[in-house]
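Input: a single structure, listed below in C-alpha cells.
The values are calculated or read from the model by the stated rules, or taken from the named source; none is laboratory data. The structure presented is a predicted model; accordingly, all values stated were derived computationally and were not measured. Methodologically, a virtual Cβ is constructed for each residue, glycine included, from the backbone with ideal geometry; neighbour enumeration extends over all protein chains shown. These accessible areas exclude ligands, DNA and RNA; they are computed on the full protein's heavy atoms, side chains included. Shrake-Rupley method; radii C 1.70, N 1.55, O 1.52, S 1.80 Å.
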Amino acid sequence: MKSIQFANVEDQYRKYAGELRASEVQKLREWASSQPHLPPITELELILFLHSNYYDLEAAQRTIECYYTFRTNCKNLFGNRNLETNAIQTAMDVLDLCVLPEPTPEGYKVLLAKIVNPDASKFSLSSVLTFALMCVDILLWEEGCVNGSILIIDMDGIHMGHLPKLGIFTLKDLLYFIQEGLPIRLKGLHLVNVVPFIDRIMTMIKPFMKKELLQIFHLHTKMQTIFPHIPQHLLPADYGGTARSRKVLRDNLYNQTTECADFLAKYDTLKRVDESKRIAKQRTMGNLFGLL
C-alpha cells in the first residue's frame, strides 16, 4: 500500500495565479473553522472547492457543506468503501473506467466509462458507482485543479436486463452529488452508443438534472458524433485514437486506486460531519434534496 501523492498546493497557486488567491482560501478556511460540525479541511481541499466554483466564496461554502454531509449520510454511494469486499471486486470486473492521458484542447480531463460484463446478475449500480467515486477521489487529490472535466459513458453492452437494476434512488443520489457536491468543473456528459431504451432511462433521470447539466448533456447513437467535442486522437486505441487501450488505461487507474485503499478507508472515517455539533438545522437526506 502507498500513501496518496497529493497535488502540490504551491503549484496550484502558480497554475491559477491571478484567479486563485491565498486571501480567499483563508476566508474559506475561517468560515469552515466556524462550522463545528465540519471535519478538518486541508488547504488543497479548500482550493479544489474554491476553484470548482469559479472562486465564488458562497458557492464554495455550499459545496463544502454538501460534500461532507452527503458523504456522511448517503449509504448508497458511501456506505461501504472497502475495496476488499466481494461487491467492490465484482464492480471492478464489471466496469471499465479510465482517464485519457491527454486533455482536450481546452484543457479538460476526460473520463471514459463502460460496462464490460454483459451478465446483468453481476451488475450492482451502487457498487459500481461507489468504486467509481473512489477512483475520482484519487484523481482529484493527486491531479489538483483542472480547467474542466468531461465524462463519456459508452453504453455498448448495456441491455434490457440492466434496466431493472438502475435504481432510481441511487441515480438520484449520484446526480445530486455530481451537481451539488463534487468539486469539479463539469464541462460535458456524453452517452455514446445509446441503447434503444434510452427514453426510459431519460424518464428516470431527467427530473433530477438541473438546467446547467442538461445544457452539457449529449446523446450519441454512434461514436463519431462525439469527435467535435473530444478529438478522436485523444481516445484509446479501441476507439481509433492514439492513446493506449482502454484496458491498459483502466488497469493503471485501478492500480492507482487500490494502492491507496488504506488511505481511502482512513479518509472516510475522518471526513464526516458531526450532526450533534451543527449550529443550523440538522441536515438529513430529505432536506439535502430540498424536500423538507
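The figures follow:
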{"read-out": "Mean accessible surface per residue for segment 86-260, computed with a 1.4 Å probe while every protein chain stays in place, in Å²", "value": "43"}
{"read-out": "Approximate spin-label separation THR225-GLU30, in nm, with each point projected 7 Å along Cα-to-Cβ", "value": "5.1"}
{"read-out": "Sequence-separation-based contact order of the chain, relative, with Cα cut under 8 Å and 6+ spacing, percent", "value": "26"}
{"read-out": "Cα-derived Rg to Rh of segment 1-139, Kirkwood definition", "value": "1.02"}
{"read-out": "Under-5 Å amide H pairs with LEU186, H placed in peptide plane, nonlocal only", "value": "SER149"}
{"read-out": "Radius, Kirkwood style, for the chain when every pair of distinct Cα atoms is counted (Å)", "value": "20.0"}
{"read-out": "Carbon + sulfur, % of accessible area of segment 86-260 - ligands and nucleic acids excluded, 1.4 Å", "value": "56"}
{"read-out": "ILE198 - accessible surface, heavy atoms, 1.4 Å probe, Å² rounded to 10", "value": "30"}
{"read-out": "Simple label model, 7 Å out from Cα along Cβ direction - ASP119 to ILE279, nm", "value": "5.4"}
{"read-out": "Heavy-atom SASA rank of HIS51, HIS229 (probe 1.4 Å, accessible area, largest first)", "value": "HIS229, HIS51"}
{"read-out": "MRE, 222 nm, helices only [DSSP H, n ≥ 4, -39500 (n - 2.57), over the chain, to nearest 500]", "value": "-13000 deg cm²/dmol"}
{"read-out": "Note, ³J(HN,Hα) from phi for segment 156-164, Karplus 6.51, -1.76, 1.60, rounded to Hz, x at Gly and Pro", "value": "4, x, 7, 9, 4, x, 7, 4, x"}
{"read-out": "With DNA, RNA and ligands ignored, accessible area of THR242 (1.4 Å probe; Å², nearest 10)", "value": "120"}
{"read-out": "Tensor-based shape of segment 151-282 (alpha-carbon gyration tensor, a/c under 1.5 rounded, otherwise prolate or oblate)", "value": "oblate"}
{"read-out": "With DNA, RNA and ligands ignored, accessible area of ASP262 (1.4 Å probe; Å², nearest 10)", "value": "100"}
{"read-out": "GLU143, GLU45, ranked by accessible area, largest first (probe 1.4 Å)", "value": "GLU143, GLU45"}
{"read-out": "At R0 = 35 Å, FRET efficiency that the Cβ-Cβ distance of MET209 and SER3 yields, to 0.05", "value": "0.40"}
{"read-out": "Alpha-carbon centroid distance for the pair segment 126-189 / segment 1-76, whole angstrom", "value": "20"}
